[in-house]
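The values are calculated or read from the model by the stated rules, or taken from the named source; none is laboratory data. Quantities reported herein were computed from a predicted structural model and do not represent experimental measurements. Glycine gets a Cβ as well: all are built from the backbone with ideal geometry, and neighbour counts include every protein chain shown.
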Amino acid sequence: MAFRMKIVYNLPRVGGPGNRSARLEGADRGEERGPHPNCFATPRQTAGEGVMASSLASSAAHRRGGSDGPTPRRLGKPPYVVRRGGKRAIGAGELTAYVVVFAVSLGLSLAVTPLCIRLGKRWGIVAHPGGRRRHAGLIPRLGGIAILCGFIGATLVSTAVRPWLPPLPEGPDPNEPRRFAAVIAATVLIGLFGLLDDRFEISSKPQYVAQVVVSILSIAGLVFIKHVMNPFTNQIFEFPWPIVWGLTTLWLVGMMNTVNFMDGLDGLAAGVTGIVSVVLFIHMVRMGNYGPALLPLALLGAVLGFLPFNVHPARIFMGSGAVTLGYLIGALSLVAGARVATISLVMVIPIVDGAWQVLNRWRHGRSMNEGDRGHLHLRLYDLGMSQRQVVLLYWGVCALFGAMALLITSRVYKLVAIVGVSALAAAALAILSRRDEPGG
């Protein structure tokens, strides 16, 4: 005789407009929920790719008075609905929270960017034409401050709208404030250091020290790479702590320099960052990380508010703000549950390009920070493409890979895509590099 079970569970009451009741059904069909929705997810939380709905309901029932599942008392009406088949309708409270955070970041960035243009000219923090730079006139380099203001302002507002988001029966994650504070503190620290670099042009060694410091601060705030999933066996491999520290630092520092290297054409780095933010936001919401999803949404609004002033012909550059964007991409990918493979697929072209330039400069005995026109986007521009054509090409490729990262569920297929695209990009760079060599 087949056993069939149906569980109805009323989730706790939360604030915010447009509250509606929630019902979790279908435990007999083996439906799954994502990781803790109101916390900064770690690899430990996402390793299992979801939790059985029946386990969530039964554990909550046990806390209310027994594991036999007594009739649950009515606790309130959260502003969302969990439907059959794992599909969930976004309630008015949750939607309002997302709209408020996005609007604040967008509005602040739009308002602060013109001010940064004036201050950059007044303080002499400008980029001069010449050398590998092909722009005309003096262009202020304080765009990173405008993006920083938009992001930080929106994340502070997000703390006020968090109660409007769906809770989980287990309650909030006690480590969430620690992770939130670490990400914000590290962002402010690297952003202010970037301002000093734009003003005084600090040498490379102190810059790397600052990048390592913010990486250590993030790890101390529980933002790190702790596990990896074997794509062939689906088994979890847990790193020892020395490897955790080294691997996380390498990921964050590498992403900071990748975005910094990419910032060579008007609107390129900001647009790619916006695409990555959309991918992270969709992934977090889909996995149930509703609280952390506010952070990539804040980043998206900040870069979109900056882009109208940064697209060709740019009226302002982001300067060392590109390093700040790189940190946020790296950190938020870990907040999303160690989505290193997902971001690697979206950013595969910039990552391969940056790694190739480091290797190529080392091979020729040049400094890694020595600027040149060897990057792929600059080579395409020098071959005759316009700035807008190159930028749109990069945006399109990153958006395509972002869609693939969201649609492809197989880890093996993602790995094949990353390896294949990396090989093609490296081959293209090798062919273009030979043109610069004697006799090439």
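Could you say which residue among 104, 183, 112, 161 is farther than 29 Å from residue 264 by Cα and either without any contact (Cβ under 8 Å) to a residue 24 or more places away in the chain or surrounded by 20 or more Cβ atoms within 10 Å (Cβ to Cβ) (or both)?
Just a single option satisfies the conditions, and that option is 161.
Could you grab me the full set of residues in the range 411-439 that are in contact (Cβ under 8 Å) with a residue 24 or more places away in the chain and of a type in the set (Ser, Thr, Tyr)?
422, 433, listed by residue number.
Taking residue 368, is it under 15 Å from residue 254 (Cβ atoms), touching a helix residue (DSSP H, G or I) at 6+ places or on another chain (Cβ under 8 Å), aliphatic (A, V, I, L, M) and not in a helix (DSSP H, G or I)?
Yes.
List every residue pair whose Cβ atoms lie under 7 Å apart, where the two residues are 6 or more positions apart in sequence or sit on different chains, the first residue falls within the range 346-365 and is without any contact (Cβ under 8 Å) to a residue 24 or more places away in the chain, and the second residue, located anywhere, is among the hydroxyl-bearing types (Ser, Thr, Tyr) and surrounded by fewer than 22 Cβ atoms within 10 Å (Cβ to Cβ).
That search, which allows pairs on different chains as well, returns 361/367.
I want to confirm something. Restricting to the range 242-260 and keeping residues that are buried (at least 21 other Cβ atoms within 10 Å of the Cβ) and of a type outside the set (A, V, I, L, M), which single residue is farthest from residue 374 (Cα to Cα)?
The qualifying residue farthest from residue 374 (Cα to Cα) is 248.
Go over the candidates 419, 397, 391 one by one and state the one that is β-branched (Val, Ile, Thr), in the same structural domain as residue 151 (by TED's automatic domain parsing), farther than 30 Å from residue 297 by Cβ and in a helix (DSSP H, G or I).
Residue meeting the stated conditions: 419.
Does residue 420 count as surrounded by fewer than 16 Cβ atoms within 10 Å (Cβ to Cβ), more than 19 Å from residue 259 (Cβ to Cβ), modelled with pLDDT of 90 or more and within 24 Å of the chain's Cα centre (by Cα)?
Values: surrounded by fewer than 16 Cβ atoms within 10 Å (Cβ to Cβ): yes; more than 19 Å from residue 259 (Cβ to Cβ): yes; modelled with pLDDT of 90 or more: yes; within 24 Å of the chain's Cα centre (by Cα): yes.
In short, yes.
With surrounded by 17 or more Cβ atoms within 10 Å (Cβ to Cβ) and farther than 20 Å from residue 372 by Cα as the only criterion, which of 232, 200, 239 stands out?
Every option except 239 fails the conditions.
Going by the conditions given, is residue 152 surrounded by 16 or more Cβ atoms within 10 Å (Cβ to Cβ), touching a residue at least 40 places away in the same chain (Cβ under 8 Å) and assigned to a helix (DSSP H, G or I)? Outline the logic, then answer.
Working: surrounded by 16 or more Cβ atoms within 10 Å (Cβ to Cβ): yes; touching a residue at least 40 places away in the same chain (Cβ under 8 Å): no; assigned to a helix (DSSP H, G or I): yes.
For residue 152, the condition - surrounded by 16 or more Cβ atoms within 10 Å (Cβ to Cβ), touching a residue at least 40 places away in the same chain (Cβ under 8 Å) and assigned to a helix (DSSP H, G or I) - is not met.
Take residue 168 and tell me if it is farther than 20 Å from residue 214 by Cα and either modelled with pLDDT of 95 or more or in contact with an Asp or Glu (Cβ under 7 Å, 6 or more places away or on another chain) (or both). So that I can check it myself, show each step before the final result.
Values: farther than 20 Å from residue 214 by Cα: yes; either modelled with pLDDT of 95 or more or in contact with an Asp or Glu (Cβ under 7 Å, 6 or more places away or on another chain) (or both): no.
Answer is no for this residue.
Say whether the condition of being modelled with pLDDT of 90 or more and among the basic types (Lys, Arg) is met by at least one residue in the range 358-376.
Looking through the range 358-376, none of the residues is modelled with pLDDT of 90 or more and among the basic types (Lys, Arg).
Might you let me know whether the range 133-154 holds any residue that is modelled with pLDDT under 90, over 22 Å from the mean Cα position of the chain (by Cα) and charged (D, E, K, R)?
Step one: of the range 133-154, the residues modelled with pLDDT under 90 are 133-137.
Filter again for over 22 Å from the mean Cα position of the chain (by Cα), leaving 133-137.
Cutting the leftovers down to charged (D, E, K, R) gives us 133-134.
Yes, some residue in the range 133-154 is modelled with pLDDT under 90, over 22 Å from the mean Cα position of the chain (by Cα) and charged (D, E, K, R).
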